[in-house]
1. Residue 164 - would you say it is in the same structural domain as residue 256 (by TED's automatic domain parsing), farther than 20 Å from residue 346 by Cβ and either in contact with a helix residue (DSSP H, G or I) (Cβ under 6 Å, 6 or more places away or on another chain) or crowded, with 20+ Cβ neighbours inside 10 Å (or both)?
2. Can you name the condition, by its number, that residue 285 falls short on among (1) within 29 Å of the chain's Cα centre (by Cα); (2) surrounded by fewer than 16 Cβ atoms within 10 Å (Cβ to Cβ)?
3. Taking the options 136, 186, 195, name whichever one is over 21 Å from the mean Cα position of the chain (by Cα), buried (at least 18 other Cβ atoms within 10 Å of the Cβ) and farther than 23 Å from residue 246 by Cα.
4. Given the criteria at pLDDT below 95 and under 25 Å from the mean Cα position of the chain (by Cα), does residue 350 qualify?
5. In the range 293-312, what residues are loosely packed, with under 15 Cβ neighbours inside 10 Å and either at positive phi or outside any helix (DSSP H, G or I) (or both)?
6. Among (1) more than 13 Å from residue 344 (Cβ to Cβ); (2) surrounded by fewer than 19 Cβ atoms within 10 Å (Cβ to Cβ), where does residue 290 come up short?
7. Report yes if some residue within the range 271-282 is in contact with a strand residue (DSSP E or B) (Cβ under 6 Å, 6 or more places away or on another chain), surrounded by 24 or more Cβ atoms within 10 Å (Cβ to Cβ) and not in a strand (DSSP E or B); otherwise report no.
């Protein structure tokens, strides 16, 4: 799965990428539909962009560019041994540029997307694995104050519960994207981060694999996100997001914790909004003007009491609570959701409503038994 693709959506600029958490992600269309990259679900690779400017000067010959890269890597404190081992014989990979330029995309309504991504089989698998890993997930949830069900949901969406996290060698993929003239600065930094990971000994070169866009391991972290958020929960001296479920779960939980997850509130809930009050809501709670694309498609936050007064109603038996908790309205096609601050943490992982809602709705259907740690 082309996924920590980048914290995301790895959007069209460095600033937007940083704001999105350096993930490469798919982003929703203007009408509430989902732009879905094909074939891998969920599409977390950087989005296709217009071709490079044909009037731009020709690139520096690759051999000269690589020699300069080696020098900079050494100047950044990366060992000569790592630099030589990782970059010896490295070449650009044409299929990476092809994927970056020509990702096939189709517009898919949210209902169809959710039906495919949060189907019965996915829910059953999530529940089964939540029970199987209940003791470990209980410890991680307690340590990071993030619900185990949310960790399981992200794990499932990012790598099909660890079954597929990418097979493409990371260094050649990042080298290709760094040499390309469209987002060279962004991927050059990711390449240096990948070299630093190798230098630390967390993973060896042969096993550093992931998506075509450089997203690695079961959480699909870009190298820069790995350096910030990956955890060594099993205490074996390595932050192994490829094969250690303890490290995978803890790294996802740490990402959300550092992104501001509040254990005292939920992510959000589906609500009813009649056509008669939509215009009023647009005046009282206009769309936001800052943040990633998905954030700009959310309303400004109002208290739950204010939403009740405006006529927003819950779906289901549980009433919309009163109080001063702030929530924003998300409209995706014909569906509406009131989302809390934790939804923003999910958008940090991947700035796309289809992704964040999939995580939230899947997590709502998973119950992780609380299991006391095993006695040693």
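1. no
2. Single failed check for residue 285: (2).
3. 195
4. yes
5. Passing the criteria: 300, 303, 311.
6. Single failed check for residue 290: (1).
7. Looking through the range 271-282, none of the residues is in contact with a strand residue (DSSP E or B) (Cβ under 6 Å, 6 or more places away or on another chain), surrounded by 24 or more Cβ atoms within 10 Å (Cβ to Cβ) and not in a strand (DSSP E or B).
The values are calculated or read from the model by the stated rules, or taken from the named source; none is laboratory data. The structure displayed is predicted, hence computed values, not measured ones. When we count neighbours, we look across all protein chains shown, and the Cβ atoms used for this are built from the backbone with ideal geometry, even at glycine.
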